[in-house]
Amino acid sequence: MERRCFFRNLNGMGKGFLAEKHYLCGTMTIQEAQERVDAWIKQYGVRYFSELTNMAVLTEEVGEVARVIARRYGDQSSKPGDDLDLADELADVMWVVMCLANQTGIDLDAALERNFAKKTSRDSHRHLDNKKLINQS
Ligand SMILES: [Mg+2]
């Protein structure tokens, strides 16, 4: 079954540019995504890059996200031929994160659950009490 990804329903996010393209995907858990990345690496990638190389690649991909953000939401203008596909760049970041998780034995589903618990415990009032966040858009 084909359907559009969740972000089409997010008001203010992606309107006008994400809607230009069809991002077709099914539902996929983080675990399934990790398994698909692993299968892809084994089929097409020969082996994982070293952790240090993937750390460099992650930095590169985060930089590509920053380039899109700077041009789309920041003050920098686009160059002719710029490909400003934020969704694709974020997916590149996720891909490398999953590579690093796979090669270091990390279950990102479990890690994200623990992270939610940590943030909720630590920050449950922090942002609500932050006056800087109120009445600013
Ligand atoms: Mg990229």
Residue match in segment 96-115 (condition: of a type in the set (S, T, N, Q), outside any helix (DSSP H, G or I) and surrounded by 12 or more Cβ atoms within 10 Å (Cβ to Cβ)): no
Residue hits (segment 30-88; hydroxyl-bearing (Ser, Thr, Tyr) and over 15 Å from the mean Cα position of the chain (by Cα)) are 44, 48, 50, 53, 73, 77, 78
Just one listed residue, out of 33, 111, 117, is more than 16 Å from the ligand (Cβ to nearest atom) and touching a residue at least 60 places away in the same chain (Cβ under 8 Å), and it is 33
Across segment 61-81, the tally of residues that are loosely packed, with under 13 Cβ neighbours inside 10 Å and either touching a residue at least 12 places away in the same chain (Cβ under 8 Å) or near the ligand (Cβ under 10 Å from one of its atoms) (or both) stands at 1
| task | Evaluate segment 109-120: report whether one residue or more is touching a helix residue (DSSP H, G or I) at 6+ places or on another chain (Cβ under 6 Å) and under 17 Å from residue 51 (Cβ atoms). | result | no
With the first residue restricted to segment 38-59 and required to be in a loop (DSSP other than H, G, I, E, B), and the second required to be of a type in the set (S, T, N, Q), Cβ contacts under 9 Å at 6 or more apart or on different chains are 48/54; 48/102; 48/103; 49/103; 50/103
Scanning segment 76-95 residue by residue, those assigned to a loop (DSSP other than H, G, I, E, B) and of a type outside the set (S, T, N, Q) turn out to be 79, 80, 81, 82, 83, 84, 85
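A short reminder: the numbers here are calculations on the coordinates, not readings from a lab. What you see is a predicted model, and the numbers here were worked out from it, not measured in a lab. Cβ sites come from the backbone with ideal geometry, for glycine too, and all protein chains shown count toward neighbours.
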